[in-house]
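Shown next, in structure tokens, is the structure this report addresses.
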Amino acid sequence: MNLFEYLRPASLDEAIAAARAPGATYLAGGTNLLDLMKIGVQTPRTIIDISRLPGLDRIERLADGATRVGAMVRNADLARDADFAANYPAVAEALLSGASAQLRNAASLGGNLMQQTRCSYFQDPHSACNRREPGSGCAALDGETRNHAVIGWSDQCIATHPSDFCVPLAALGAVVEVAGPGGTRDLPIAQLHMLPDATSPGGTTLAPGEMITGLRLPPEAAAFRDNARYLKLRERTSFAFAVVSVAAMLRMEGDVIAEARLALGGVAAQPWRRAEAEAVLAGAKPGDDAIAAAAEALMAGARPSGDNAHKITLAKRLIQKALHLAAAGTPAVMPALPASVFTSEPAERGEPADV
Amino acid sequence: MPLSISLIVNGEQKDIALEDPRATLLDVLRDRIGLTGTKKGCDRGQCGACTVLIDGRRINSCLSLAASQDGAEITTIEGLAAGDDLHPVQAAFIETDGFQCGYCTPGQIMSALGLIREGIADDDPERIREAMSGNICRCAAYQGITEAVIKANARMRDTQESQS
Ligand SMILES: Cc1cc2nc3c(=O)[nH]c(=O)nc-3n(C[C@H](O)[C@H](O)[C@H](O)COP(=O)(O)OP(=O)(O)OC[C@H]3O[C@@H](n4cnc5c(N)ncnc54)[C@H](O)[C@@H]3O)c2cc1C
Ligand code: SF4
Ligand code: FES
Ligand code: FES
């Protein structure tokens with residue numbers, strides 16, 4: 001880890017002023033930043049600890065029915081907030097499927113949105129990586145690509161955004177609140193993570209020194225509370241990043257889907273949401289054909305970036321499973337294994353309830 | 001210029017001058033305060049051996065700067081027993097054989113205590129396994145660990161009920 005200057009400003013204004021220094025970086029829970037500093041991937045000269053800034057730790061229901069969550073609200077606290085979990089159950093399920101209980105106690109909303117890719121070549125300072133060192137190339141292109149993108153990628157970068165939390169947030173059209181040297185602005189979450197293109201490896205659209213201060217879920221987001229699921233395929237049952245994940249939410253009118261929200265994780269450099277896929281479902285009954293058509297529409301244009309064509313098949317199947325489960329209704333209690341495709345019923349697991 | 005921080009560790013105030021801001025809470029606990037019960041496994045948030053309670057919440061002390069925890073109340077494995085009287089979670093781990101080599105055990109016990117305090121543990125082993133998945137046991141004593149958490153949770157719940 002490189003040496004740095006540690007600052008703990010007392011106010012938001014002070015923090016933003018301090019962030020003008022070259023090489024300055026915000027520190028929230030530290031679970032991503034310190035990890036990457038230990039392996040020499042991030043080398044900030046100044047660390048601005050924002051974990052105790054006043055006013056960033058609140059969950060508020062606004063008068064218009066929107067919900068506002070401060071940037072320092074810890075992932076665990078948000079998932080366990082009874083009101084929040086009742087209104088946005090797929091967001092709570094996604095949060096609880098991420099990392100471990102200890103990490104969720106430390107990880108903040110802002111840090112989760114801003115976390116770096118888990119591409120193993122990004123994490124290895126000896127490998128070529130356009131994201132870490134613009135222009136150096138991309139070692140992943142001929143490498144191990146199981147965790148890499150199958151949609152929206154370019155030769156500049158095939159990395160995915162690893163967050164679970166961001167996937168249902170994208171489906172619900174969350175708005176990120178940003179403060180910076182030039183004042184404050186609202187940023188739709190769909191515009192936070194840029195896809196790579198022919199010349200750029202992608203990344204986030206925050207300007208240097210800009211800070212996420214919070215996030216709003218618009219009033220209509222709570223309308224999906226009765227039919228919402230998040231499913232995540234992993235290489236082990238718990239405490240692993242998504243190979244592929246899906247947030248599926250429906251607003252039902254009788255047995256017809258009035259409106260659908262659908263987004264994928266693990267397949268692209270941003271949570272993958274396409275209006276065409278949601279349009280396929282609007283006005284349809286949640287039957288096999290409509291659901292299969294929605295899966296095809298969401299994955300239109302998918303192509304392997306290496307030895308990962310299986311992720312396209314997995315994604316299409318998981319989208320369908322998630323939509324069927326969403327149509328069946330949000331579970332009354334959070335499943336024992338949040339976001340798992342395996343059953344949570346002790347009897348069906350063949351396990352006595354008392355060991 | 002050294003940073004001065006103060007921590008309440010297992011009920012005792014510790015004033016520490018940090019010559020180097022890079023020190024993690026784990027390093028300070030082990031190398032400055034001399035409490036080596038908290039273990040360093042991976043040093044990267046992946047194993048849970050370094051789990052301690054900060055203001056009652058379980059976290060990985062390897063991924064937290066000590067400077068960030070200025071003023072916090074820290075509980076480590078050394079803070080649990082009252083003399084020779086083991087904490088109910090410690091006793092349960094012994095009764096159910098919740099370990100072999102013991103390296104992961106301080107982290108497992110602190111994580112179990114954190115989980116019980118969260119109030120979400122019940123008697124479903126699947127929920128316990130999920131909630132304890134941040135603690136890896138290389139000896140794979142998972143069956144005993146799960147039983148220990150269920151046992152300790154039930155006992156601590158009963159004691160609480162009989163006290164209230
Ligand atoms: C072993 C392990 C397993 C994990 N598994 C998962 C998983 O399954 N799913 C998942 O989604 N995540 C997973 N994570 C990632 C974890 O969710 C993130 O590390 C965490 O959310 C980051 O939050 P933080 O507050 O600790 O951020 P920090 O580490 O403090 O910051 C991360 C980055 O965000 C920037 N930043 C922080 N706050 C702000 C802000 N308010 N405004 C602007 N920039 C900011 C920092 O400068 C830094 O660059 C895992 C992490 C580990 C270590
Ligand atoms: S995929 Fe992206 S992050 Fe990974 S090595 Fe290539 S450029 Fe870097
Ligand atoms: S040493 Fe902290 S999690 Fe492994
Ligand atoms: S008892 Fe040996 S690692 Fe858990």
- Which whole-number percentage describes the relative contact order of segment A:226-328, with Cα contacts under 8 Å and a sequence gap of 6 or more? 28 percent
- Can you give the percent of C-alpha pairs in segment B:2-152 whose distance is more than 24 Å? 29 percent
- Task: List the residues of segment A:82-107 that lose 30 Å² or more of accessible area once all protein chains are present, compared with their chain alone (1.4 Å probe, heavy atoms only, no ligands or nucleic acids).
- Result: A:A101, A:Q102, A:L103, A:N105
- FRET efficiency, 1/(1 + (r/R0)^6) with R0 51 Å, evaluated for A:S11 and A:R317 via beta carbons: 0.55
- Item | Qualifying aspartates and glutamates (Cα of each under 18 Å from Cα of B:K40; at least 8 residues distant if same chain) | A:D35, B:D27, B:D31, B:E78
- For chain A, longest principal axis from Cα atoms; helix A:288-298 axis from its Cα atoms; angle between them, nearest 10 degrees, is 20 degrees
- Arrange the residues B:D84, B:D158, A:D81, A:D307 by how much accessible surface each exposes, largest first, with a 1.4 angstrom probe. B:D84, A:D307, B:D158, A:D81
- Item | Fluctuation leader among B:G48, B:G79, B:G34 - chain B, Gaussian network, Cα springs under 10 angstrom | B:G34
- Item | Highest-MSF residue in chain B out of B:A23, B:A148, B:A66 [GNM, Cα springs under 10 Å] | B:A23
- Query: Interface A/B, total buried accessible area with a 1.4 Å probe, nearest 100 Å²?
  - Reply: 3300 Å²
- Message: If Rh is defined by the Kirkwood formula over all Cα pairs and Rg also comes from Cα, what ratio Rg/Rh do you get for the protein assembly as shown?
- Response: 0.96
- List for segment B:62-86: residues with 10 Å² or greater reduction in accessible area, all protein chains versus chain alone, probe 1.4 Å? B:L63, B:L65, B:A67, B:S68, B:D70
- Kirkwood Rh (inverse of mean 1/r, distinct Cα pairs), segment A:226-328, angstrom: 13.7 Å
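Go through B:I116, A:I47 and list them by solvent-accessible area, largest first, probe radius 1.4 Å. Write down the numbers at each step before the final one.
Details: B:I116 20, A:I47 0 Å².
Largest to smallest exposure gives the sequence B:I116, A:I47.
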- Going toward the positive end of the dipole of segment B:3-79, with +1 on Lys and Arg Cβ and -1 on Asp and Glu Cβ, which of B:V28, B:I59, B:G48 do you reach last? B:G48
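Across peptide B:152-160, what mean number of C-beta atoms from other chains lies inside 10 Å of a residue's C-beta?
Working: counts 0, 0, 0, 0, 0, 0, 0, 0, 0.
Mean inter-chain Cβ contacts per residue within 10 Å come to 0.
Counting only heavy atoms of protein chains, what accessible area per residue, in Å², does the protein assembly as shown have with a probe of 1.4 Å? List each step's numbers first, then the result.
On the way: 21190 Å² over 519 residues.
Result: 41 Å² of accessible area for each residue.
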- How high is the FRET efficiency between A:T184 and A:T43 when r is their beta carbon distance and R₀ equals 22 Å, given to the nearest 0.05? 0.15
- Is there a pair in A:K232/A:K321; A:K232/A:K311; A:K38/A:K232 whose C-alpha atoms are over 18 Å apart, and which pairs would that be? A:K38/A:K232
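The values are calculated or read from the model by the stated rules, or taken from the named source; none is laboratory data. Keep in mind that this is a model prediction, so the values were computed, not measured. Please note: Cβ atoms are built from the backbone with ideal geometry, for glycine as well, and neighbour counts cover all protein chains shown. All accessible areas refer to the heavy atoms of the entire protein, side chains included, with ligands and DNA or RNA removed. Shrake-Rupley method; radii C 1.70, N 1.55, O 1.52, S 1.80 Å.
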